[in-house]
Amino acid sequence: MHIETAPGAANAPDTPGWHFAVASGILGWILDAFDFFAVVFLFNELAARYSVQKSAILWTMTMTLAFRPIGALLFGALADKMGRKGPLIACVLYFSSVTICSGLAPTYWLFFLCRCLYGIGMGGYWGIGASYAMESAPARMRGVLSGMMQAGYPFGYLCAAVAMQTVAPRFGWHAMFYVGSVLALLIVLMTTFAPESKAWQQTRMPGLGTIFSALFKHMGIFCYLLVLMAAMTSLSHGTQDLYPDFLMTLPFMHGATVLGMKASLGIPVLYNIGAIVGALLIGQLSQNLGRRYAILVALGLSLISMHWWAFGTTVVAITLGSTIMQAGVQGAFGVIPAHLNELSPQAIRGLFPGFVYQLGVLISSPVSPLQNWLRKQLGYSWALAAFELCVIATLTVLMLFGPENHGKDFHHANT
């Protein structure tokens, strides 16, 4: 096990305008999550519109996840060749346009195609946004800003749940695919005023061939991080994607309300608030405790909540369990932007973390169909719980014996 720290990096001067770069990365990930989870809340509406089974809509989500590595490879390579700003702007405009087309698609297969194309943009944005934010952020704040970056995902999920209660009833469910375009324009504006990454300027590769050659030279750490991200995304999607549908199958949920909303929508609002708090707290904890041990603390929270999350028999128990579960899940994920970027080769940080992340997503993309199959064999509660217990056990081993490069200096080519 290799652990390295670079305390001198914490004393480096702040990059002027770094706030805009970090905000662009965070806001883009919020928008990405909103556009993805809008489909989670529209299973019934989309199935009715296209006269297909709910499982057909579920497969469009799987294909979105499966196409994400293509975007990470394409936009990541461009970010290492051309800088972070231009590819980031191109990516947000691309996936926002495809999202609008998703709402306009007249047939199921056109909708299916749009969600595949959306996956390319979703996959491209995280790698650029995370590397841009982490390279621009002061090293002393990297942990908490990593948490903020990843907290954008549950915050986007939360916004989708709220929009289903506010935007959809007033403007129709199609509007869920259009409202994000306003935020997309804001991201473009902020990125325009943000500085280019100094880390990229100091370690840029001369050509795409050299970039991909550098990728193949680091296959050892790449393979470890691939397994890590496959497990981590299984933890996240395995606790999120089917959970609103699971809530609607519980008899005691019928007619129940939470925060003045239907319980099946109010509970996701609360557990995403828990997810945001978990990402911020565990992200900050990782600055002092280290990345791996902070993730282990987060996994412990998820394990503690498992019984209430999957087997709770009251609205209160389910709400408590799901809130603690997501605080743990996104707490663990809140460390990932910093951890992945610190372990990535210096000169290909635009490509490497995003590509390995999204390949992990590809491996885990059948999670929802697998859990749906397990549901028929074991029942919904055991399908969710058994799968996540295996994932948590795998992540615990990876964290106990894996590498760490806490506090790495991003501004020197030989660190």
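Here are a few things to note about the model shown:
- Look at segment 252-274: where a residue is under 24 Å from residue 150 (Cβ atoms) and a partner is surrounded by fewer than 16 Cβ atoms within 10 Å (Cβ to Cβ) and of a type in the set (Ser, Thr, Tyr), sitting 6+ places away or on another chain with Cβ atoms under 9 Å, you get 266/257.
- Listed by position, the helices (runs of 4 or more DSSP H) inside segment 295-404 whose residues that are without any contact (Cβ under 8 Å) to a residue 40 or more places away in the chain number at least 1 are 315-334, 367-378, 380-401.
- The residues of segment 249-275 that are under 24 Å from the mean Cα position of the chain (by Cα) and surrounded by fewer than 24 Cβ atoms within 10 Å (Cβ to Cβ), listed by number, are 264, 265, 266, 269, 270, 273.
- The residues listed here are 129, 123; of these, the one that is in contact with a Ser or Thr (Cβ under 8 Å, 6 or more places away or on another chain) and in a helix (DSSP H, G or I) is 129.
- Within segment 17-62, the set of residues being buried (at least 22 other Cβ atoms within 10 Å of the Cβ), of a type in the set (Asp, Glu) and at pLDDT 90 or above comprises just one member, 35.
- Residue under evaluation residue 116, criteria (1) under 20 Å from the mean Cα position of the chain (by Cα); (2) surrounded by 18 or more Cβ atoms within 10 Å (Cβ to Cβ), criterion not met: (2)
- Of the residues 393, 347, the single one that is at pLDDT 95 or above and not charged (D, E, K, R) is 393.
- Among the residues listed as 109, 59, the single one being of a type in the set (A, V, I, L, M, F, W, C), without any contact (Cβ under 8 Å) to a residue 12 or more places away in the chain and assigned to a helix (DSSP H, G or I): 109
- Hey, residue 214 modelled with pLDDT of 90 or more, part of a helix (DSSP H, G or I) and not charged (D, E, K, R) or not: no
- Qualifying residue in segment 349-366 (condition: surrounded by fewer than 21 Cβ atoms within 10 Å (Cβ to Cβ), over 29 Å from residue 121 (Cβ atoms) and either in contact with an Asp or Glu (Cβ under 6 Å, 6 or more places away or on another chain) or hydrophobic (A, V, I, L, M, F, W, C) (or both)): no
- Residues in segment 63-86 that are of a type outside the set (A, V, I, L, M), crowded, with 24+ Cβ neighbours inside 10 Å, in a helix (DSSP H, G or I) and over 18 Å from the mean Cα position of the chain (by Cα): 1 in all.
- Filter pass, residue 52 being farther than 27 Å from residue 131 by Cβ and in contact with an Asp or Glu (Cβ under 9 Å, 6 or more places away or on another chain): no
The values are calculated or read from the model by the stated rules, or taken from the named source; none is laboratory data. Treat the numbers as computed from the prediction; the structure is a model and nothing was measured. Quick reminder, even Gly has a Cβ in these numbers, built from the backbone with ideal geometry, and neighbours come from all protein chains shown.
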